[in-house]
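**Student:** My questions will all concern the structure given below.
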Amino acid sequence: MPAVQAAVTIPSGDVALEGALVVPEGARGVVLFAHGSGSSRKSPRNTFVARGLRAAGLGTLLFDLLTAAEDADYERRFEIELLSRRLADGVRFVRDDARTRGLAVGLFGASTGAAAALQVAARFPA
């Protein structure tokens, strides 16, 4: 599979979530990031971990689970069910997208993102 580096938009209910998909050539899988409250796809910690995963031959999808307006509402950051639904939509996106279809899917979560990742992993045990 050829290398991919693309800005993506993930549909989720009535919103569109912005993300960055990077898949090195010959990737064995793709890891979706579910960042913690108050963080974003552009967080230096997330991008550092993503670089390490890509160096190990894994693709990454960093995307914001909340829109900018939603993130401004502090309480929304702790709505684990909402974050889980959005992360599940990300999983469906990578499973359906021609650039990542057929790759193994992994989840990486921190803080409230870890709770969302655990819920989604239970919904998609494969």
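**Student:** Taking only protein heavy atoms into account and a 1.4 Å probe, give the accessible area per residue of region 15-126 in Å².
**Tutor:** Here the residues of region 15-126 average 49 Å² of exposed surface.
**Student:** Then there is this: Could you give the length gained by full extension between D73 and R51, i.e. 0.36 nm per residue of separation minus their alpha carbon distance, to one decimal place?
**Tutor:** 4.9 nm is the gain from fully extending D73 to R51.
**Student:** Follow-up question, since we're still on this one. Measure off, as a whole percent, the carbon and sulfur share of the 1.4 Å-probe accessible area of the chain, all protein chains present.
**Tutor:** 56 percent
The values are calculated or read from the model by the stated rules, or taken from the named source; none is laboratory data. Bear in mind that the values here come from a model prediction, so they are computed numbers and not experimental data. Ligands, DNA and RNA are excluded from the accessible area calculation, which covers all protein heavy atoms including side chains. Shrake-Rupley method; radii C 1.70, N 1.55, O 1.52, S 1.80 Å.
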